[in-house]
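Engineer: Here it is, the structure, as structure tokens.
The values are calculated or read from the model by the stated rules, or taken from the named source; none is laboratory data. Only a predicted model underlies this, so the values are computations on that prediction, with no experimental measurement involved. As a convention, Cβ positions derive from the backbone with ideal geometry for all residues, glycine included, and neighbour counts pool all protein chains shown. With ligands, DNA and RNA removed, areas are computed over all heavy atoms of the protein, side chains included. Shrake-Rupley method; radii C 1.70, N 1.55, O 1.52, S 1.80 Å.
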Amino acid sequence: MDRRELIAAAVAGLGLTGVGGCVRADEAGTSVPDLPEGLAARLTDLVTDSGAVGGMVAASRHGRLAGVFAWGDARRSPKRPVTRETLFHIGSNGKFVTAVAVLQLVQAGKLALTDRLGAHVPGLPAVLAGTPITHLLHQTSGLPDYLDQVEDWSEPVTRRMIFDAVAEGRDFEPGEAWAYSNTNYFVLGWLIEAVSGMSYADYVRQRLFVPAGMPFARPDATATDIPARAQGYTLDGDDLAKADRMDDEMSRAADGGVLFSALDWAPWCQALAGSTLLNPETMALAFQSGRLRTGREAPYGGGVFLERCRGEACHHHTGSVPGFASQRMAFAGSGLQVLAVSNTDGDGEPPLEHLCLAMAEGLAPDSTWTTQPLLDEDDRTALLRRAFRRAEADLPDSLLAPELIASGGDTAPSWGVRADHVFSPVERWDVRSGQMVRYRWVGDDDETGHVVVGWTEEDEVFWIY
């Protein structure tokens, strides 16, 4: 499971767009509001020296484009700057797209979330056939991740590869624990194809992107020349090279295989907020946590992590494929949804989470957890501090709830945190049979981060992310 700063004097030469001046219209005629004073400079500071070739941050507020910040090159040779029409691969942020497609089929009465995968997809081994769809959506199936066996992304992904990945069975029984696995969403693509009679790519294009009025978004296709698609790059030390080319089928697979531009973000958010793609009752299913056998929740809905911020719902997700990285964040309190993407991975990946948070704070001050005051410490904070002293070690078994033990108990409490760093709670919210706490840590050179921990009523950790 993956998780995640160009010099101001060189901004013009690097193709920065949408960073000041009057409200203007892009090539498609969409007005892009000016960013508030100082926000563009803050975002520029964050990408300075990252080594990223290019990228963009797009914000939507209540379904309307609220701001775009773009920088650098979509392609180095021939040189082409990033524009609002540039298409970026958003990796696992496409899982939410897959979840919406599945829920459309639920809404149409063609399947139920309690159905087992094998009821709709023939020819599967028992471990896949017997998995309830709801556990695939919520990442609570226990299916091993097929990507753990992928060494070359240019190789075709076949059914046999997926079958081999699950040949030794589950890591845990459905609902016993939570563990991120790309297998869950890859096979949901098979489900969509079997039930709809369409390829996954055709379904996403015709049933989601076209109705949503998205001008450029599309499933990826590396075997096709897509002029607006950014070239992906990998930075290894000082060595910048084109990223490995993905197999055509893998590039548009259901575990994350779509391209978005800045101008697609607001129409997508607007379609989700209305009834264009799903009615409100069905849409709400995407934001329900997974249920665990312990009676507690795994705060992961349909392709999104579910949290709270300042008493309101918020959700987020990351994504990455060779040459691309993305971060998505949404805050119900401000109505802002932010997507940050880059066409550089490895040592060149910019701080996408900080870019999203800076954009949200710049458009709606004091709306994210970055500006929340510290809360009083408690005994639970002290327990985590003691765990952090065991640097690079796993959390002690005495601190783990059954669901973390079932998932392997291998959640390391480092995240860059050391015992001598500032580490304090900033927000708490109650959940079924427990409480979630967001902590802030401040480390060397004022580096900051946040982590959410789920505590049981017995002061055991059942969630940590």
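Engineer: For Lys110, list the lysines whose Cα falls under 26 Å from its own Cα; do not include residues on the same chain fewer than 8 positions away.
Structural biologist: Cα-Cα hits under 26 Å: Lys95.
Engineer: Using +1 at the Cβ of each Lys and Arg and -1 at the Cβ of each Asp and Glu in the chain, identify which of Cys314, Gln104, Leu117 lies farthest towards the dipole's positive end.
Structural biologist: Gln104
Engineer: Tell me, what is the per residue accessible area of the chain in Å², probe radius 1.4 Å?
Structural biologist: Heavy-atom accessible area per residue stands at 40 Å².
Engineer: Hand me the GluC sites (Glu not before Pro) from the stretch 102-177 located in a DSSP loop with no more than 14 other Cβ atoms within 10 Å, in residue order please.
Structural biologist: Sites meeting the loop and neighbour criteria: Glu151, Glu168.
Engineer: Here's another thing I want to ask about it. Keeping the other protein chains in place, figure out the carbon and sulfur percent of the accessible area of the chain, with a 1.4 Å probe.
Structural biologist: Within the chain, the accessible surface is 47 percent carbon and sulfur.
Engineer: Turning to a different aspect of this structure: When all C-alpha to C-alpha distances in the stretch 73-231 are sorted into bins of 5 Å, what percent of pairs does each bin hold, rounded to whole numbers?
Structural biologist: The percentages, shortest bin first, are 1, 8, 16, 19, 18, 15, 11, 7, 4, 2, 0.
Engineer: Report the per residue volume, in Å³, of the convex hull enclosing the C-alpha atoms of the stretch 325-395. Each step should come with its number before you reach the end.
Structural biologist: Working: hull volume 9.8 nm³, N = 71.
In the stretch 325-395, the Cα hull volume divided by residue count equals 139 Å³.
Engineer: Could you work out the relative contact order of the stretch 170-311, using alpha carbon pairs under 8 angstrom and six or more residues apart, expressed as a whole percent?
Structural biologist: Relative contact order comes out at 25 percent.
Engineer: Using only DSSP helix segments of four residues or longer, with each worth -39500 (n - 2.57), what per-residue ellipticity at 222 nm results for the chain after dividing by its residue count and rounding to 500? Don't jump to the answer; show the numbers that get you there.
Structural biologist: Details: 13 runs with 106 residues, N = 465.
Computed mean residue ellipticity for the chain: -6000 deg cm²/dmol.
Engineer: Which of rounded, prolate or oblate describes the stretch 41-163 when judged by the alpha-carbon gyration tensor and an a/c cut-off of 1.5?
Structural biologist: In terms of gyration-tensor shape, prolate.
Engineer: What are the ³J(HN,Hα) couplings of the stretch 329-335, residue after residue, when phi is run through the Karplus curve with 6.51, -1.76, 1.60 and θ = phi - 60°? Round to Hz, x for glycine and proline.
Structural biologist: Karplus-based 3J(HN,Hα) across the stretch 329-335 equals 9, 9, 10, 5, x, 9, x Hz.
Engineer: While we're looking at this one, here's another question. So for each of 197-205, 250-258, 110-118 I average, over its residues, the number of other beta carbons within 10 Å; can you give me the resulting order with the highest mean first?
Structural biologist: Taking the mean over residues of other Cβ atoms within 10 Å, the ranking is 250-258, 197-205, 110-118.
Engineer: Once Lys and Arg get +1 and Asp and Glu get -1 on their Cβ, which of Ile226, Pro425, Gly51 lies farthest toward the positive end of the dipole of the chain?
Structural biologist: The residue sitting most towards the positive pole is Ile226.
Engineer: What does the charge dipole of the stretch 209-258 about its Cα centre add up to, to the nearest 20 debye, if the Cβ of each Lys and Arg holds +1 and the Cβ of each Asp and Glu holds -1?
Structural biologist: For this selection, approximately 340 debye.
Engineer: In terms of the Cα gyration tensor, with a ≥ b ≥ c the square roots of its eigenvalues, is the stretch 188-334 rounded because a/c is under 1.5, prolate because a/b exceeds b/c, or oblate?
Structural biologist: prolate
Engineer: Where nothing but the Cβ of Lys and Arg (+1) and of Asp and Glu (-1) is charged, how large is the charge dipole of the chain around its Cα centre, in debye to the nearest 20? Walk me through the numbers on the way to the answer.
Structural biologist: Details: 40 positive and 64 negative charges, 332 e Å.
The dipole magnitude comes to about 1600 debye.
Engineer: Further question on the same structure: If you count, for each residue, the other Cβ atoms within 10 Å and average over each peptide, how do 54-64, 366-376 line up from highest to lowest?
Structural biologist: Highest mean packing first, the order is 54-64, 366-376.
Engineer: So what's the stretch 140-244 giving for Rg/Rh, alpha carbon basis, Kirkwood Rh from the mean inverse pair distance?
Structural biologist: Working: Rg = 17.2 Å, Rh = 16.7 Å.
That ratio equals 1.03.
Engineer: Rounded, prolate or oblate: which fits the stretch 208-260, taking a ≥ b ≥ c as square roots of the Cα gyration tensor eigenvalues, rounded meaning a/c under 1.5, else prolate when a/b beats b/c?
Structural biologist: On the way: a/c = 2.46, a/b = 1.96, b/c = 1.26.
Verdict is prolate for the stretch 208-260.
Engineer: Taking the chain as the region of interest, what is the percent of Cα-Cα pairs per 20 angstrom bin, listed from the shortest bin to the one with the maximum distance?
Structural biologist: 25, 59, 16
Engineer: Here's a follow-up. With a cut-off of 8 Å between alpha carbons and a minimum separation of six or more residues, what is the relative contact order of the stretch 52-147 in percent?
Structural biologist: Details: 89 pairs, mean separation 13.8, N = 96.
This gives 14 percent for the stretch 52-147.
Engineer: In percent, what relative contact order does the stretch 244-324 have, based on Cα pairs under 8 Å that are 6 or more apart in sequence?
Structural biologist: On the way: 62 pairs, mean separation 15.4, N = 81.
Taking the mean separation of contacting Cα pairs over the length of the stretch 244-324, I get 19 percent.
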